[in-house]
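The values are calculated or read from the model by the stated rules, or taken from the named source; none is laboratory data. Just so it is clear, the structure is predicted and the values come from calculations on it, not from any experiment. Cβ coordinates were reconstructed from backbone atoms using ideal geometry, including for glycine residues, and neighbour counts include every protein chain displayed. Heads up: the accessible areas ignore ligands, DNA and RNA and are worked out on the full protein's heavy atoms, side chains in. Shrake-Rupley method; radii C 1.70, N 1.55, O 1.52, S 1.80 Å.
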Amino acid sequence: MAKKLINGNYAAAFGAKLARAEVIAAYPITPQTAVVEQVADFVASGEMKARYVCVESEHSAMAACIAAASAGARTFTATSSQGLLLMHELLHWATGARTPVVMVNVNRAVAPPWSVWADQTDSISQRDTGWMQFYSESTQEELDTVIMSYKVGESPDIMLPSFTTEDAFFLSHTFEPVEIPSQELVDGFLPPFRPEIRLDVENPRGFGSLSMPHQWYMELRYLIAEAMDRARERILRVEQEWKELTGRSYGGPLDEYRTEDADVVLMNAGTAASTIREVVDNLRREGKRVGLARIRCFRPFPTEEIRALGRRVHTIGVMDRCYTFGDGGPFFTEVKSALYNLKDRPAVKNFVVGIGGRDITMKTVGKLYDNLFRIKAGGLDSEKEWIDLKRPEVG
Amino acid sequence: MVKTPVPAEENVAPGHMGCPGCGACLALRLALKALGKRTIMTVPACCWAVMPGVFPYCSIQIPVLFTAFETAAASASGVRAALDAKGQKDINVLAWAGDGGTLDIGIQALSGAVERRDNIIYICYDNEAYMNTGIQRSSSTPIGAWTTTTPVGQTRAWKSEPKKSGVEIMAAHRIPYTATACVSYPEDFVKKVQKAASIVGPKYLQVLSPCPAGWKSDPERSIQIGRLAVESTVWPMYEVEDGVYTVRKPAKKVSVKDYFRTQGRFRHLGEKDIEEIQKTVDAEWELLLKKETMTARK
Ligand SMILES: Cc1ncc(C[n+]2csc(CCOP(=O)(O)OP(=O)(O)O)c2C)c(N)n1
Ligand SMILES: [Mg+2]
């Protein structure tokens with residue numbers, strides 16, 4: 001296996017190439033653009049035998065992917081922020097149509113005002129579309145997850161779309177040494193996509209026509225719910241297979257670090273986890289029992305894993321690089337609701353951090369652990385708090 | 001002093017973030033000279049969404065609504081509707097967008113506004129690619145051009161499709177007024193913008209705006225390159241007013257090759273490729289002249 005120095009965007013493109021995506025329809029947007037450009041290069045040079053549709057919007061990108069998948073092709077696209085939001089209608093469509101489209105989303109703040117920096121509001125806003133959502137911490141994880149998510153999504157008993165995210169710039173533009181698996185390895189792992197039901201002149205069918213309330217609409221939705229539940233187990237199994245082939249895995253849907261005997265745990269999704277790991281190690285050296293639980297998979301949600309953690313630890317802080325106005329951080333509200341039916345629940349506090357790309361430093365993380373220890377000693381001070389807010393200058 | 005119809009008034013301050021030799025920068029400066037202070041503009045995602053500067057600064061000195069990429073025209077329609085609702089009649093509403101925001105992702109909103117006869121001026125500054133995101137093809141990228149999504153390298157996968165014609169699409173909407181322009185001809189551009197402002201209903205201008213970064217050209221030659229585009233009739237200058245075509249014939253004619261030679265984005269093209277393109281350019285020019293003859297008022 002060869003190591004290459006690449007960033008998250010190139011890793012995404014390599015993932016699509018190694019997975020032998022057959023149709024790519026994508027539209028450029030900062031900071032995802034390098035994915036589109038790299039794939040265009042792969043296709044132009046013949047390294048990737050695929051059709052690349054240079055669509056005129058993200059809405060069309062997703063529509064083309066859904067249609068291509070309906071015609072039996074493996075598809076890939078990538079986007080970010082406004083582009084993902086523009087796709088929203090079609091994201092629901094991809095799920096309803098049971099098309100296992102695979103996408104990479106670079107987590108970028110949403111406008112206005114314009115901001116191209118890291119923020120997870122874009123992908124979290126797609127919570128109810130029925131897409132599997134993965135949040136990567138490293139470039140290697142990004143590449144591996146793209147390949148794995150094809151295998152999960154294309155399982156005949158799942159047939160659901162999925163996206164993997166990269167925090168803008170922290171992952172999309174940071175170069176790391178990445179092991180590029182060989183094509184043979186990936187071919188052995190991921191069989192070609194050959195859906196039985198597809199647009200086929202030998203076997204004509206209508207896809208997605210009208211359904212009445214007394215008919216099958218509700219049941220079709222129930223089948224999606226079941227498929228998403230099955231995906232929980234499948235994600236674990238596929239990761240295990242990948243590990244056997246490559247030696248790499250990422251801790252399942254909830255990636256825990258030094259939580260075995262932890263009193264207080266921070267939860268987070270995305271790249272800030274790397275910073276948190278450093279802080280955990282430092283605090284551990286001081287004898288403080290701290291840990292990290294990284295939410296790697298937001299849909300399906302790792303409810304059982306979070307409950308298992310909740311039974312062991314005293315206080316949990318959930319970091320959100322996004323916010324649901326009128327409620328709280330979305331990761332926070334979901335973690336809290338997963339814990340609700342436990343008999344002995346840990347205290348849970350929400351830290352809203354890094355909005356619009358504001359840096360999450362080791363100092364910031366250190367403050368959060370301090371807060372958690374104060375909560376452990378003296379009870380919950382407040383349920384949610386925006387961290388490192390600036391105050392406008394007066395005058 | 002030379003007399004010029006270009007007003008002295010400035011509505012774009014020099015403190016902007018445009019690149020040296022940016023045609024789009026000059027284009028807006030001229031357009032706002034022509035339209036004056038009683039103008040409200042909408043700007044979707046494009047270079048001009050970044051160039052006015054970082055909050056709290058804004059080098060455009062009229063009210064600007066920054067909007068989503070696909071919404072320049074719909075936003076202008078909304079501003080006009082609000083002004084109408086408030087009974088404010090003496091204000092220009094300008095939609096200002098790049099070629100991608102106009103002819104790709106924004107064409108639905110543009111078509112809708114024009115068909116509804118909304119009273120707006122839509123100006124597309126055409127730098128022939130997505131420059132904000134780093135030079136990807138648009139449907140307005142000319143045939144033969146290199147961009148990052150029409151890569152050249154060994155694969156010779158430069159853009160193989162002809163440029164979409166915004167003005168012809170608008171003419172097909174029976175728009176009251178549409179025209180091409182070029183920043184190298186400031187008096188002409190200013191006059192067209194002023195004419196547009198004097199007409200009630202939708203107006204569409206497309207102003208060729210050389211982009212040194214994207215065209216791989218010398219920043220100090222942007223004006224000259226614009227002239228060569230016009231003189232080679234690669235970028236013909238014409239107006240369509242209520243269906244009547246008026247074509248501006250270049251005083252001197254140069255070849256496509258003369259124009260292409262000034263830009264790295266065409267460097268890979270061989271003699272044969274350029275000959276082919278020359279033939280299409282000539283045929284398009286002939287067709288345009290025929291349209292002028294056919295639509296001439298008797
Ligand atoms: C929905 C959506 N998709 C993509 C983008 C990213 N984006 C911003 S500007 C731009 C290209 C603009 O091209 P053009 O309209 O030609 O203007 P220019 O940048 O050349 O001035 C793109 C793709 C976005 N902001 N919103
Ligand atoms: Mg452009």
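Some values worked out for this structure:
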quantity	calculated
Given 10 as the ceiling on other Cβ atoms within 10 Å, longest exposed-site-free region of chain A for GluC sites (Glu not before Pro) in DSSP loops	A:1-195
Shielding by other protein chains, B:143-151, mean Cβ within 10 Å	4
Amide H contacts under 5 Å for residue B:177, placed H, 5+ residues apart	B:204, B:242
Spatial separation of Cα centroids for the range A:120-191 and the range A:42-57, in angstrom	19 Å
Accessible area (Å², per residue) of the protein assembly as shown, counting only protein heavy atoms and a probe of 1.4 Å	43 Å²
Sites residue A:179 and residue B:6 - FRET efficiency at Förster radius 60 Å, r taken between beta-carbons, to 0.05	0.50
FRET efficiency for residue A:209 and residue A:88, using Cβ-Cβ distance with R0 set to 25 Å, rounded to 0.05	0.65
10 Å Cβ shell holding at most 14 others, DSSP loop, chymotrypsin sites (Phe, Trp or Tyr not before Pro): longest site-free stretch of chain A	A:1-174
DSSP loop trypsin sites (Lys or Arg not before Pro) with at most 10 other Cβ within 10 Å excluded, longest remaining stretch of chain A	A:1-204
Per-residue HN-Hα couplings for the range B:51-63 [Karplus 6.51, -1.76, 1.60; θ = phi - 60°; Hz; x = Gly/Pro]	4, x, x, 8, 2, x, 8, 8, 7, 8, 9, 10, x
For residue A:165, residues with placed amide H under 5 Å, excluding near neighbours	A:105, A:134, A:135, A:136
Residue-wise HN-Hα coupling along the range A:117-126, computed from phi with Karplus coefficients 6.51, -1.76, 1.60 (Hz; x: Gly, Pro)	9, 5, 5, 9, 4, 4, 6, 5, 5, 9
Above-threshold pairs, the threshold being 19 Å between Cα atoms, out of B:192/B:249; B:163/B:279; B:216/B:249; B:164/B:257; B:89/B:191	B:216/B:249; B:164/B:257; B:89/B:191
Mean ellipticity per residue at 222 nm, deg cm²/dmol - from DSSP H runs of n ≥ 4 across chain B, formula -39500 (n - 2.57)	-11000 deg cm²/dmol
In range of the label at residue A:386: residues from the range A:305-331 whose backbone nitrogen is under 16 Å from the point 7 Å along Cα→Cβ	A:320-330
Within straight-line cross-link reach of residue A:349, lysines at Cα separation under 29 Å, skipping those fewer than 8 residues along the same chain	A:288, A:336, A:363, A:367, A:376, A:384, A:390
Mean residue ellipticity (222 nm) of chain A, computed from DSSP H runs ≥ 4 via -39,500 (n - 2.57), nearest 500	-13000 deg cm²/dmol
Share of carbon and sulfur in the accessible heavy-atom surface of the protein assembly as shown [1.4 Å probe, %]	55 percent
Square roots of 5 times each gyration tensor eigenvalue, C-alpha, the protein assembly as shown, largest first, Å	49, 30, 24
Between the range A:299-340 and the range B:160-197, the alpha-carbon center distance in angstrom	55 Å
Spacing of the two label points (7 Å from each Cα toward its C-beta) at residue B:220 and residue A:377, in nm	6.9 nm
Loop sites in the range B:86-147: trypsin sites (Lys or Arg not before Pro), DSSP, at most 16 other Cβ within 10 Å	B:89, B:116, B:117
Interchain or long-range residues, amide H under 5 Å from residue A:349's placed H	A:316, A:317, A:318
Neighbour net charge for residue A:180 - beta-carbon separation under 15 angstrom, K R +1, D E -1	-3
